[in-house]
Amino acid sequence: MRRSLAILTVVTSGALAAGAFAVLSPSANAATTLGTAAAAKNRYFGTAVAAYKLSDSVYSGILNREFTSVTPENEMKWDATEPTQGTFTFTAADTIVNRAVANGQKVRGHALAWHSQQPAWAQNLSGTALRNAMVNHVTRVATHYQGKIDSWDVVNEAFADGSSGARRDSNLQRTGNDWIEVAFRAARAADPAAKLCYNDYNTDGINAKSTAVYNMVVDFKARGVPIDCVGFQSHFNPQSPLTADYQANLQRFADLGVDVQITELDIEGSGSAQADSFAAVTRACLAVTRCTGITVWGIRDTDSWRASGTPLLFDGNGNPKQAYTAVLTALGGSATSPSASVSASPDTSPSTGTKTCTATVAVQSWTGGFVATVTVRAGSTAVSGWTAGATLPTGATVTNTWSATASGSTGAVSFANAGYNGSLAAGAGTSFGFQGTGPAPSTTATCTAR
């Protein structure tokens, strides 16, 4: 779902100033964030999400602003959703899915059947009992989320590493070589509208493992087994770098009539080398018509399962890295805010020591909700604190705020600086954000400096 973007610029000298919103064209919308830039190319840009981190305002703020697709990191796996046989627990996964649906974000379901992260009871089963338990699990989980999932990782990591091209020896494989097909058929019956994907790692280049997956897709397509997409995890590091045939590999799968998705992207490193690799992956996806989107496996470096390798687009403080800019540029976007806006008079305060501030608000809106990113900038004199305010239209409610403290949730709402971003040098700026339901703000705002 593509969101519309509006810009409001409000300038004050400690007093109320009128503001208005100007709706931008989709091309302008695409220029500002990963998600909107990807949408302009008819693709999504997603991230893995952990439910317990959603209360972190920096984490949720980046999630709201940058991404148009989410993948539950662990919350949909077998051990999380069916810890006791026949007893299903969806609370954590529901938190992620319902939030994404409310925000107009796609959801990738991960993963219905996998040899790893099985509950202990499943690990103790074998043969027909395990096969029946697997089919029941796939059916119950996919049915629970029917209509809410864009793509399912139906089966995850079923092929062995190395040059053999063989299936991985696992308890699921030992139930019979047709277990993958059975899982896909069960998923199709339970959630007919979702795309059904096979997902694996070390399949990024043309090698024995990726060719084994390729041959499975050929077989499935020939026999009418439902498979719609193949996911490439794309975990890269200096010992296992981006391969020269990455794009060609994506293309050969796409030529089989399936979508391809980059599902768990992270690239260890830093600086220009890391940025160049991220940009190359992005360009490869854009070059393959059936590459429908990219998901990075986490938001900040500190959220990564490989945190010591600093493999993501934002640093531990939530600041965009060089790699972020490289990806945004590859998508055709720009880190510079769009210039189309409606502005009040510029800050013309003389350098007399009077403390002033300006507020620029960018709003992403969709049916039923919005996310606002507010940039506060000091005038010609340094400030030690600030309060921004907005009057929400009838029916609008603030539901979440990050990097500021909100007072009120409807009508006239004010936002005071957090402890770490109140002091601004002359001309310096900082940002905060808020999310809400109902119509997007379109009236007035204030910025008062201290």
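The values are calculated or read from the model by the stated rules, or taken from the named source; none is laboratory data. Computed from a prediction, not measured in an experiment: that's the story for all the values here. Neighbour counts are summed over all protein chains in view; Cβ atoms, including those assigned to glycine, are modelled from backbone coordinates with ideal geometry. SASA here: full protein model, heavy atoms, side chains in, ligands and nucleic acids out. Shrake-Rupley method; radii C 1.70, N 1.55, O 1.52, S 1.80 Å.
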State all residues of the stretch 223-243 that are more than 19 Å from Ser308 (Cβ to Cβ), part of a strand (DSSP E or B) and among the small types (Gly, Ala, Ser); if no residue qualifies, say none.
Gly231
Number of positions in the stretch 396-429 that are in contact (Cβ under 8 Å) with a residue 40 or more places away in the chain and under 23 Å from the mean Cα position of the chain (by Cα):
4
Taking interchain pairs and intrachain pairs at least six residues apart, which have beta carbon atoms under 6 angstrom, with the first residue in the stretch 66-79 and touching a residue at least 40 places away in the same chain (Cβ under 8 Å) and the second basic (Lys, Arg)?
Ser69/Lys106; Thr71/Arg108
Residues that are at positive phi and not in a loop (DSSP other than H, G, I, E, B), drawn from the stretch 262-292
Gly271
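Taking strands (runs of 3 or more DSSP E) that fall entirely within the stretch 390-450, which contain at least 1 residues that are open to solvent by less than 20 Å² (accessible area, probe 1.4 Å) and at pLDDT below 80?
On the way: elements: 397-402, 404-407, 412-417, 429-437, 444-449.
The qualifying strands (runs of 3 or more DSSP E) are 397-402, 429-437.
Against the definition (in the same structural domain as Phe236 (by the TED database), open to solvent by less than 60 Å² (accessible area, probe 1.4 Å), touching a Phe, Trp or Tyr at 6+ places or on another chain (Cβ under 8 Å) and of a type in the set (Gly, Ala, Ser)), how does Ala190 come out, yes or no?
Details: in the same structural domain as Phe236 (by the TED database): yes; open to solvent by less than 60 Å² (accessible area, probe 1.4 Å): yes; touching a Phe, Trp or Tyr at 6+ places or on another chain (Cβ under 8 Å): no; of a type in the set (Gly, Ala, Ser): yes.
Answer is no for this residue.
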Determine which member of the set Leu256, Leu242, Leu250, Leu265 is under 18 Å from Thr295 (Cα atoms), in the same structural domain as Thr289 (by the TED database) and open to solvent by 30 Å² or more (accessible area, probe 1.4 Å).
Leu242
If only one of Val327, Val296 is within 24 Å of Asn156 (Cβ to Cβ) and either buried (at least 24 other Cβ atoms within 10 Å of the Cβ) or not charged (D, E, K, R) (or both), which one is it?
Val296
Conditions: (1) open to solvent by 20 Å² or more (accessible area, probe 1.4 Å); (2) under 15 Å from Ala51 (Cβ atoms). Thr87 meets all but one. Number of the miss?
(2)
Is it the case that some residue within the stretch 178-192 is under 17 Å from Trp152 (Cα atoms), within 24 Å of the chain's Cα centre (by Cα) and among the acidic types (Asp, Glu)?
yes
List pairs: first residue in the stretch 122-149 and within 15 Å of Trp78 (Cβ to Cβ), second residue open to solvent by 50 Å² or more (accessible area, probe 1.4 Å) and not in a helix (DSSP H, G or I) anywhere in the structure, Cβ distance under 8 angstrom, at least six positions apart or on different chains.
Ala122/Gln85; Ala133/Gln85
State all residues of the stretch 274-289 that are within 14 Å of Asp204 (Cα to Cα) and of a type in the set (Ser, Thr, Tyr); if no residue qualifies, say none.
Ser277, Thr282
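When you check Val371 against the structure, is it within 29 Å of the chain's Cα centre (by Cα) and either within 26 Å of Thr68 (Cβ to Cβ) or outside the structural domain of Ala100 (by the TED database) (or both), yes or no? Let's see the steps before the verdict.
Working: within 29 Å of the chain's Cα centre (by Cα): yes; either within 26 Å of Thr68 (Cβ to Cβ) or outside the structural domain of Ala100 (by the TED database) (or both): yes.
Here the answer is yes, as Val371 does meet what is asked.
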Among the numbered conditions (1) under 24 Å from Val281 (Cβ atoms); (2) surrounded by 19 or more Cβ atoms within 10 Å (Cβ to Cβ), tell me where Thr211 comes up short.
(2)
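Okay, residues lined up against (1) open to solvent by 40 Å² or more (accessible area, probe 1.4 Å); (2) of a type in the set (S, T, N, Q); (3) over 20 Å from the mean Cα position of the chain (by Cα):
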{"residue": "Val97", "(1), (2), (3)": "no, no, no"}
{"residue": "Asn103", "(1), (2), (3)": "no, yes, no"}
{"residue": "Arg108", "(1), (2), (3)": "no, no, no"}
{"residue": "Ala158", "(1), (2), (3)": "no, no, yes"}
{"residue": "Gly176", "(1), (2), (3)": "no, no, yes"}
Among the residues of the stretch 36-51 satisfying the criterion of being assigned to a helix (DSSP H, G or I) and touching a residue at least 40 places away in the same chain (Cβ under 8 Å), which is most open to solvent (accessible area, probe 1.4 Å)?
Ala40
Which number in (1) open to solvent by 20 Å² or more (accessible area, probe 1.4 Å); (2) closer than 21 Å to Ser151 by Cβ marks the one condition that Ala284 misses?
(1)
